[in-house]
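A short worksheet on the structure shown next.
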Amino acid sequence: MTVLFGVFLLTLLVITAIAIVRTKNLFVAVMLLGIFSLLIAANFFVLDAADVALTEAAVGAGISTVLFLGALALTSEFERTPTRRRGLSLAVVVCATLVVLYATFDKPTFGDPNAPVHQHVAPWYLENEPELIDIPNVVTAVLGSFRGYDTLGEVFVVLTAGIGVLFLLSARPGAGARGRQAARDGSRIGLQNDVIPRVVGRMLVPFILLFGLYVQFHGEYGPGGGFQAGALIAAAFILYALIEGEERTLEVLPRNTLIALAAGGALLYGAVGIAGILMGAEFLNYSVLASDPITGQQWGIILIEAGVGMTVSGVLLLVFHAFAARDQA
Amino acid sequence: MTSLEFHLPALQVAVPLLLAPVVVLLRPRGLAWAAATVTSLMAFAIAVAMTQGILDGEVYRYAMGGWEAPYGIGLRVDRFSALVLLLVTGASSLGLLAGKQSIDRSIETQRQPLFYAAWLLVVAGLAGILVSADAFNIFVFMEISSLASYVVVAGGTDRRALPAVFKYLIMGTIGATFYLIGVGLIYMMTGTLNLADMAMRIHEVSEQRPILVAAGFITVGLALKAAVFPLHVWLPNAYTYAPHAVSAFLAACATKVSLYVLLRFDFVVFQPNLLGHDFQFAAFLMPLAVLAILVGSTVAMFESNIKRLLGYSSVAQIGYIMLGASLVSLTGLSASLLHIFNHALAKGTLFLAVMALAMRFGQLDLASLGGAARRMPWTMSAFVVGALSLIGVPGTAGFISKWYLVTAAFAEGPLGYFLIAVIVVGSLMAVVYSWRIVEATWFAPEVQANPVTAETTIGEAPMAMLAVVWLAALTNIYFGLFTALPRALAEGAAGALIAGVP
């Protein structure tokens, strides 16, 4: 049954991908990309990777669609006819695909318990996690502690992306300020003239925020954690910005607060790492944070997940505002 | 080992990484630069401290979070890592020390904190790759360093920086994705991400298709990021339109880090386990290396913009590095690693001198630089020292690596004679393209009407900048005369890498 679902979803995925490449209308391409992410999320879910599915759905299908639309508002809706020949690109893609297909001939069969990935590191995590960290969601334990250094890196990838967008979009001095001035003069973006989205949206915002907080603090028990929660919380504010106008959102969370939030989250994560060194253990070793190593690990994971959530929501909102400010300029 | 020394591998990454978000928040004028420079110098000091330990026979290992590899992420710093770490942190420090006025001119004050934060993230990302012993962790830090380098390259004043950076971004992302596909395939067949563990476990499955495909994807992906011919098309424009200080920093070390991963992955994981891999490696890379030397140098001979000329020269120099490695011998590999070090010194000096030149000249093509050296003799003398090292004149650092390369090729028999011919021809071409710049700046009649701003009178570059440019130039002479440090690191590293080859 799982196989059948998988094949069905993957077939849809290929069809969507071809449609994205073929369409000339960028708006259509953005919508299809949202569907593409949702299909991947469903696929991850079928494979029992609920944490990844949640992230993909929130970031891929949700936030990136909004950001793509923000970028689209700054350019045109239609793709320009390509000036270069596409033959070479097509040849490279076909070759790479064939090579990957060739590689799959010797791969372990789907769901094989004797596959190498189920024999080496993964069973060690399952076996030893209860006595080392003791939280029900082993995925969070692996991401937050065993491979916490990778997660620290990913947080900084998000921060770097935020720094990059702010740096690039602030190139014309004062563009943001002028834009906000124009917004005050009347022509505002968003849905504030449409009654139904406003009413429904307003009702949804608190629930999305609440769900975001649930996902943030429930990451140790079920699927979730800082990345997903950060995306959800950012989504709530973006929705608010769409129905009430960007300006009112900035009154709630000004740009400087967002920058502090993004940088502060990354610093909080780093500080937990440094605390490990100061307490006489390795960087990012949470066991020494409390008298009992297991409690220390759990505290460490809660703290770093908070840092992740802060940075992800801060950066996503900064990027959204940067695009919106540019849009009105 | 003292407690601080024990933490050095982690601090090498953590110091620049964690200070980057702090720099974002430093608004007052000049403070972000000062903080970034101090951080970069601290990172350099850490690299020097570890190099000293390594020369005393230490190999630094670190278990992140206290979890032993392969369950946690391990760090490992040996001679090869130390060699490239010195370059990354050194080039960053010199670029920042010399680059303040140049960066002030191209980037508005309120955007500078973001720029310097991105610069530190490049340092942290590259350092993270170099200290890591984990294939996926390398990918994570590759993402940080790549994203951050797109940001700093896009800081150039020329609008053409944006298309250049977009090309760099697309090519870099494809390269990183190929690497990730390869790592994923290996993980599927071995269940581990730690490089040493991978090298052990891959043995049983080494003849299976996913591993062969993984070797292909990883090699091609990293070659793309390292700008190995013919995958170099992103490089010349990215270096040309980047802010001058960024060109100096990235030209000295960015592609070298990708070469580091390529060589480390190949010699640690694939060479010992895959049957006939040494032959495939040589047969794939040697022709590309020869073409890189010949084509890169030829294009450089006809290029008129100094920065793009130096960019194409880098394509050729990467060819020398790959040529040494493709011999799969101890001397060849030593030559390759030495050239990583020496080329960074030469190209770093040249780009720093170009930055000083750009303080006084708006256009950097040969036609508008006529007689520049008569107005800026110190700057252009430093440039000549860098050029001599690039060519490989005895007494400069460049000579040492070329000498090793010729020695290694000589041991190969008839094929080696052909390779020596290529090296000699390539060096002669380097003489030609360097001479074109020297001729234009020293001997051509002076060109008027090319000052960078109306009120500048064309004179020597600012003293502080000139001092750093000369510091870089002198390293070329120092390491040409006293070769103990780079040779100890390169030969030791080559010995360790080649030990796995059957």
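Based on alpha carbons, the Rg and Dmax found for chain A are 22.3, 66 Å. Surface composition of segment A:1-107: carbon plus sulfur atoms contribute 75% of the solvent-accessible area (1.4 Å probe, protein chains only, all chains present).
Near B:Phe341, once Lys and Arg are set to +1 and Asp and Glu to -1 for all other residues with Cβ below 11 Å from its Cβ, the sum equals +2. With R₀ set to 56 Å, the beta-carbon distance separating A:Asn128 from B:Val447 gives a calculated FRET efficiency near 0.20. Of the solvent-accessible surface of chain B, computed with a 1.4 Å probe and all protein chains present, 69% belongs to carbon and sulfur. With the gyration tensor restricted to C-alpha atoms of segment B:296-352, the semi-axes of the equivalent ellipsoid amount to 24, 13, 5 Å, longest first. Rolling a 1.4 Å probe across all protein chains gives A:Cys95 an accessible area of roughly 80 Å². Interface area, chains B and A: about 5100 Å² of buried accessible surface, summed, with a 1.4 Å probe and ligands, DNA and RNA left out. Against chain B, whose longest principal axis comes from its Cα atoms, helix B:209-225 is set at around 10 degrees. Accessible area per residue was computed with a 1.4 Å probe on protein heavy atoms; B:Asp266 scores about 0 Å². Once the 1.4 Å probe is applied to the protein heavy atoms, the protein assembly as shown comes out at 39 Å² accessible per residue. Expressed in units of 2.2 N^0.38 Å, where N is the residue count, the Cα radius of gyration of segment B:1-275 is 1.01. The fraction of accessible area contributed by carbon and sulfur in segment A:137-329 is 69 percent, rounded to a whole number (1.4 Å probe; ligands and nucleic acids excluded). A simple rule links phi to the HN-Hα coupling: the Karplus curve 6.51 cos²θ - 1.76 cosθ + 1.60 with θ = phi - 60°, which for segment A:92-98 gives 5, 5, 4, 4, 4, 4, 4 Hz, with x for Gly and Pro.
Diagonalising the gyration tensor over the Cα atoms of chain B and scaling each eigenvalue by 5 before taking the square root yields semi-axes of 35, 27, 20 Å, largest first. Pairs to check: A:Lys107/B:Lys225; B:Lys167/B:Lys307; A:Lys107/B:Lys167. Give those whose C-alpha atoms are more than 23 Å from each other in this structure. Going by Cα-Cα distance, A:Lys107/B:Lys225; A:Lys107/B:Lys167 fall outside the 23 Å limit. Scanning chain B for trypsin sites (Lys or Arg not before Pro) lying in DSSP loops with no more than 15 further Cβ atoms inside 10 Å, the longest uninterrupted stretch between such sites is B:161-502. For segment B:15-93, the mean projected area of the C-alpha convex hull, equal to one quarter of the hull surface, is 6.1 nm².
Convex hull volume of the Cα atoms of segment A:137-329, normalised per residue: 109 Å³. Computed across segment B:276-496, the Kirkwood radius stands at 17.9 Å (inverse of mean 1/r, all Cα pairs).
The largest-to-smallest principal axis extents of the Cα set in segment B:288-392 are 47, 24, 16 Å.
Here, P(r) means the percent of Cα pairs in each 5 Å bin from 0 to the largest distance; for segment A:1-105 it is 2, 11, 15, 18, 20, 17, 11, 5, 1, 0. How much net charge surrounds B:Val122 when only other residues with a Cβ under 15 Å from its Cβ are counted (Lys, Arg +1; Asp, Glu -1)? Combined, the nearby Lys, Arg, Asp and Glu give +1. For B:Ser132, the residues whose amide H sits under 5 Å from its own are B:Arg76, ignoring neighbours fewer than 5 places away on the same chain, with H placed 1.01 Å from N. Here is the tail figure for segment B:459-502: Cα pairs spaced more than 11 Å apart come to 72 percent of all pairs. If you look at the Cα atoms of the protein assembly as shown, you get an Rg and a Dmax of 26.7, 83 Å.
A simple rule links phi to the HN-Hα coupling: the Karplus curve 6.51 cos²θ - 1.76 cosθ + 1.60 with θ = phi - 60°, which for segment A:52-57 gives 5, 4, 5, 4, 4, 5 Hz, with x for Gly and Pro.
Calculated [222 nm] ellipticity per residue, helices only, for chain A: -24000 deg cm²/dmol; basis is -39500 (n - 2.57) per DSSP H run with n ≥ 4, divided by all residues, nearest 500.
The values are calculated or read from the model by the stated rules, or taken from the named source; none is laboratory data. Quick caveat: nothing in here was measured; it's all calculated off a predicted structure. Heads up, the Cβs are rebuilt from the backbone with ideal geometry, glycines too, and the neighbour counts pull from every protein chain shown. Quick note on the areas: whole protein, heavy atoms, side chains included, nothing else; ligands and nucleic acids left out. Shrake-Rupley method; radii C 1.70, N 1.55, O 1.52, S 1.80 Å.
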